[in-house]
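Taking it in order: structure first as structure tokens, then the write-up.
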Amino acid sequence: MDRILESVRTFPGVLELAPVAGDGYPEIALGDHFFYWAPDGRVPQREQSYATVVTKNLPGDTTNDLDLADRRRLNIHVGAELFTELTGESPRTDAAPAHFTATDVVFAHPVYRAQGWVSIVNPGARTYESALTLLRTAHDAARRRAERRGTGR
């Protein structure tokens, strides 16, 4: 995961938000990473992150055993079309929640699949290159959305 974080940090216009204790963000976000298109260095007010790295189980989101040591989940907004291509399912399909603990595999986000998000627990040799491609695609899509809104900064 460290290689992926290092790579995303080199994207032009990227802003990484990585809350730590004492900086005013909710405790639940501590240790996680949020990536935005924000070339001015300010967190966008009307745009959510296009990718996250989650380091722990969250309320209503415990299917990936992220509270176990050395487990982190990369989440990427890919949109409906790419989601279907990657998972073979429609993001709008009501899939039964699964206890998905496999690592280095692309799967539907356990909570935000309907919004076109995919996830990878502990990306490794099988998914590293595709994860970087998906991250670049999500980054570029966030830039295009900002430009359409006139907030491309």
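FYI, it's all coordinate maths here, none of it is from the lab. Because the structure is a prediction, the values reported are computed rather than measured. Here the Cβ is made from the backbone with ideal geometry for all residues, glycine too, and neighbour counts use every protein chain on show.
Can you pull out the trypsin sites (Lys or Arg not before Pro) in segment 109-149 that DSSP calls coil and that have at most 16 other Cβ atoms within 10 Å?
On the way: sites: ARG113, ARG126, ARG136, ARG143, ARG144, ARG145, ARG148, ARG149; in loops: ARG126.
Answer in residue order: ARG126.
What trypsin sites (Lys or Arg not before Pro) does segment 43-92 have in DSSP loop regions with at most 13 other beta carbons within 10 Å? Each step should come with its number before you reach the end.
Numbers: sites: ARG46, LYS56, ARG71, ARG72, ARG73, ARG92; in loops: ARG46, LYS56, ARG71, ARG72, ARG92.
The qualifying sites are ARG46, ARG92.
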